[in-house]
Every structure is written in C-alpha cells, then in structure tokens.
Amino acid sequence: MLLGLPFFLGPSIWILLPAIALAIYAQWRVRSTYRRYATVETAGRVAASGAARQILDAEAVSGVSIEEARRTLGDHYDPRRKVLRLSAPESTSIAAVGVAAHEAGHAIQHARGFAPLALRSAAVPIASFGSQLAFPLFFIGLITRFEPLITVGILLFSAAVFFTLITLPVEFDASRRAVASLRTSGLVTTEELGAVKEVLFAAALTYVAAAAMAALQLVMMLMARRR
C-alpha cells in the first residue's frame, strides 16, 4: 500500500527493497517447497485431518472441529470458533501433514493459554483498523502539514507493525510444537520429519518478510515526518 505513493517519500523508498526482495523470495520458497512435498506421501499414509486429530487427542485438546479450507494454502486455526481448517484434509502428503500439525499447534496454544497467541488475537481488530486508516491519515497530514494527523497515522500503523511482530513467536512456537508432536507420535519417519521442517521453515519466512516490510514502512513514515 505504501509502494503506490513513493513520491511523498523520496529516496527513502529504497529502504523497502530488502523487504520486497525477501517477500518475493519467501512466496516463491513456500510455494515451491509445498508443491515439492505435496506429491510425496508419508510412510504411514495418515491423512492430514487424521494427523491433526491424533495430535490434538494426544495433547488432550478437545472441542476443536476440523474443516476443509476454501483455498490452497488457506490452512489456519480459528480460535474464536475453535475450528482448524485445512486446504487438503484428506491428503497423506508430507506437506499436508506438516501444515496440519502446525495448525494443530495453534489449537494447542489456544488450549494452553499461550500468551502471545492471546495477545495477537486481542490485537486483530486494532491492527485491522490501523492498517486501513494509517496511510490515508498520514499522507493527508503530510500534505496539509497538520502534525496531529501525522502522529495519529503513525500510531495506528504502529499497531499493525506490533501485530506482525507478535505473530512471529506465535508461528515459531506452533512449528516447534508440530515437529515435537510428529516426532513423538511416529506419524512421520525421521527422514520425513526433515522434509516437514523444510515446509514449516518456508512458511515461517513469509511471516518474517511481512514483519520486515511493516517495520521498514514505519521507519519510512518516521523519516518522512522529519522533512
């Protein structure tokens, strides 16, 4: 959203280039890695939905339903409805099982009261509101040189940046739980576990890229304010 208005920011727009490059690489990495392992079945031939259910049962997490997501790579856990949505619930591939275990990790976080997850969930409405209004208010403030409006824009976008940053420990912890659960349950072999780690690392890169992009955009806003 910031890239459409570089003329307000001058040379500082170049600050974003590393984050843009990382974002492009992360998207390529996650899609190519998922495609590679989406065609490789696990030795146990357990479907992704079944693997998620086994992990939840082993952790004594009840009341979580499993549904099919509407789009590819649309896997997620909805803590409000306690629903785990998988894009390929019947797949027995390494990719599908690894992603399902990761989402089950989020359900376990929710059940255990994992503080960063609770904080991220609480920040969702503020971050959503902030990301929509921050730049319009900020740039109107720049044009009119109305300092309070610039400040409000920066504060609102700061909430969005905070959301991307708090997402990192949530995602890393879910992956850690996924790997641990798959290792102890025997749902995948040692060799397959290495492939699962590749899939989850690729997915984690997208969150790192998003956080880097948001943080650098905030830096650009602060630099533009000083002019």
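The values are calculated or read from the model by the stated rules, or taken from the named source; none is laboratory data. Only a predicted model underlies this, so the values are computations on that prediction, with no experimental measurement involved. In this analysis, Cβ positions are derived from the backbone assuming ideal geometry, glycine residues included, and neighbour counts consider all displayed protein chains.
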With respect to A178, is the statement that it is in a helix (DSSP H, G or I), touching a residue at least 12 places away in the same chain (Cβ under 8 Å), surrounded by 21 or more Cβ atoms within 10 Å (Cβ to Cβ) and hydrophobic (A, V, I, L, M, F, W, C) true? yes
Could you look through segment 108-127, keep only residues that are without any contact (Cβ under 8 Å) to a residue 12 or more places away in the chain and assigned to a helix (DSSP H, G or I), and pick out the one that is farthest from A52 (Cα to Cα)? P125
Quick check: is even one residue across segment 71-90 without any contact (Cβ under 8 Å) to a residue 40 or more places away in the chain, of a type in the set (A, V, I, L, M) and closer than 21 Å to R112 by Cα? yes
Limited to segment 128-171, what total is found for residues that are in contact with a His (Cβ under 8 Å, 6 or more places away or on another chain) and either farther than 20 Å from A210 by Cβ or outside any helix (DSSP H, G or I) (or both)? 0
Does segment 144-166 contain at least one residue that is buried (at least 17 other Cβ atoms within 10 Å of the Cβ), of a type in the set (A, V, I, L, M, F, W, C) and more than 28 Å from L17 (Cα to Cα)? no
Are any of the residues in segment 214-225 basic (K, R) and either within 30 Å of T151 (Cα to Cα) or buried (at least 20 other Cβ atoms within 10 Å of the Cβ) (or both)? yes
Starting from residues that are within 20 Å of S185 (Cβ to Cβ) and under 23 Å from the mean Cα position of the chain (by Cα), keep the ones in segment 60-70 and report whichever is surrounded by the fewest Cβ atoms within 10 Å (Cβ to Cβ). V61
Got a sec? Which of V188, V199 is in contact with a Ser or Thr (Cβ under 6 Å, 6 or more places away or on another chain), assigned to a loop (DSSP other than H, G, I, E, B), at pLDDT 95 or above and buried (at least 22 other Cβ atoms within 10 Å of the Cβ)? V188
Return the residue satisfying two criteria in turn: it lies in segment 7-21 and is within 24 Å of the chain's Cα centre (by Cα) and surrounded by fewer than 18 Cβ atoms within 10 Å (Cβ to Cβ), and of such residues it is modelled with the lowest pLDDT. I15
Does R80 fit the bill of being touching a strand residue (DSSP E or B) at 6+ places or on another chain (Cβ under 9 Å), surrounded by fewer than 20 Cβ atoms within 10 Å (Cβ to Cβ) and not aliphatic (A, V, I, L, M)? no
Only one of A51, A38, A47 is in contact with a strand residue (DSSP E or B) (Cβ under 6 Å, 6 or more places away or on another chain), within 14 Å of A95 (Cα to Cα), small (G, A, S) and modelled with pLDDT of 95 or more. Can you tell me which? A38
Being at pLDDT below 95 and either hydroxyl-bearing (S, T, Y) or under 17 Å from the mean Cα position of the chain (by Cα) (or both) narrows it down to one residue among A95, A101, A122; which is it? A122
